[in-house]
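These notes are about the structure you will find just below.
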Amino acid sequence: MPDFWEHPEEAQKQMKKIKDLQAWIDGYKEIEDVCEELSLAFDFVKEGLVEEADVDRLYGTAIEKIEALELRNMLRREEDKLGVVLKINSGAGGTEAQDWASMLMRMYMRWCERQGYKTSISNLLDGDEAGIKSCTINVEGDFAYGYLKSENGVHRLVRVSPYNAQGKRMTSFASVFVTPLVDDTIEVKVEPALLSWDTFRSGGAGGQNVNKVESGVRLRYQFTDPYTGEKEEILIENTETRDQPKNKENALRQLRSILYDKELQHRLAEQAKVEAGKMKIEWGSQIRSYVFDDRRVKDHRTGFQTSDVGGVMDGDIDGFIKAYLMEFAGKEEEE
């Protein structure tokens, strides 16, 4: 079409579809190439031209690539391809719980770094002595929500606390809320009449300008649930940049994400009614325990566990994500 680029929004949507399809083609081609290489190596090892260790290495690579594509194939829902708004709140327990929330924040930031995802912290509330009370992280990248939806719920830490003078074992909790980060391809209706804004001075580091200029924004949205009639005020704070209009734009994007997620949760609740006899994964339920002294991290939904506590806290959570998707993503698709 000669006028393809005359409609940039439509063109961009079409190019994204092409990019998604190309990713599948590239993934298949990679697997085809490594399988062919493995087949040749298997023939050569019989003739003594290739070491068995090389065949084992190629076999491991082939399995890894097949499983990665298989995992991506589990992410077929509309929202799976989107980015993520990931919010972490410390539970009761003061400094120990706030330290735990900051450890989870680091874990997810490291995981995102491994995936090549772009992250930005849109709001951060420091703890009283250490750690954080809460934070909101925007994660942009293909299928970020599809992978990170497995992290939604309460995370439990058991360890000998460095903040306890008696050296006692303590249990702390932090909640992780994961919502899709909507993009321009998702239609979400925001009523301007229900919106109001406040501005405030951002705290924390950043020089004198941060304290003098009211760049922080606080958005209030009077939401009425169309299904239940319940009313609530949605409150979003954004201090991401020193540019107030940019912070407003970011806050509006988060609002659209929350409204989209509310519709999504309604759909999932309807599906759950059909799933009456199956295992329920409730919003906010305890999903995983991190027991430092016993060197064990266990997911209570799938039973997947590992003794590599250090690796997990450094962002190696792929095993947990894969176990969740392989067990539950297929059931979502069936529904």
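The values are calculated or read from the model by the stated rules, or taken from the named source; none is laboratory data. This structure is a prediction, so every number in the text was calculated from the model and none was measured. Don't worry about glycine lacking a Cβ; one is built from the backbone with ideal geometry, like all the others, and counts go over all protein chains shown.
Among the residues of the range 289-315, write down those that are among the charged types (D, E, K, R), at pLDDT 95 or above and closer than 19 Å to Leu71 by Cβ. Across the range 289-315, the qualifying residue is only Asp299.
Take the conditions out of contact with any helix residue (DSSP H, G or I) (no Cβ under 7 Å at 6 or more places or on another chain), touching a residue at least 60 places away in the same chain (Cβ under 8 Å) and among the hydrophobic types (A, V, I, L, M, F, W, C) and apply them to Ala92. Does it pass? Judged against the criteria, Ala92 is a match.
In the range 85-93, is there at least one residue being hydrophobic (A, V, I, L, M, F, W, C) and either more than 26 Å from the chain's Cα centre (by Cα) or more than 19 Å from Leu148 (Cβ to Cβ) (or both)?
Filtering the range 85-93 down to residues hydrophobic (A, V, I, L, M, F, W, C) leaves 85-86, 88, 92.
Keeping just the survivors that are either more than 26 Å from the chain's Cα centre (by Cα) or more than 19 Å from Leu148 (Cβ to Cβ) (or both) gives 92.
So far as the range 85-93 goes, yes, one or more of its residues are hydrophobic (A, V, I, L, M, F, W, C) and either more than 26 Å from the chain's Cα centre (by Cα) or more than 19 Å from Leu148 (Cβ to Cβ) (or both).
Pairs are defined by a Cβ separation below 6 Å, a sequence spacing of at least 6 or placement on different chains, a first member in the range 109-123 that is surrounded by 12 or more Cβ atoms within 10 Å (Cβ to Cβ) and modelled with pLDDT of 95 or more, and a second member that is in a loop (DSSP other than H, G, I, E, B) and among the charged types (D, E, K, R); the pairs so defined are Arg110/Asp314.
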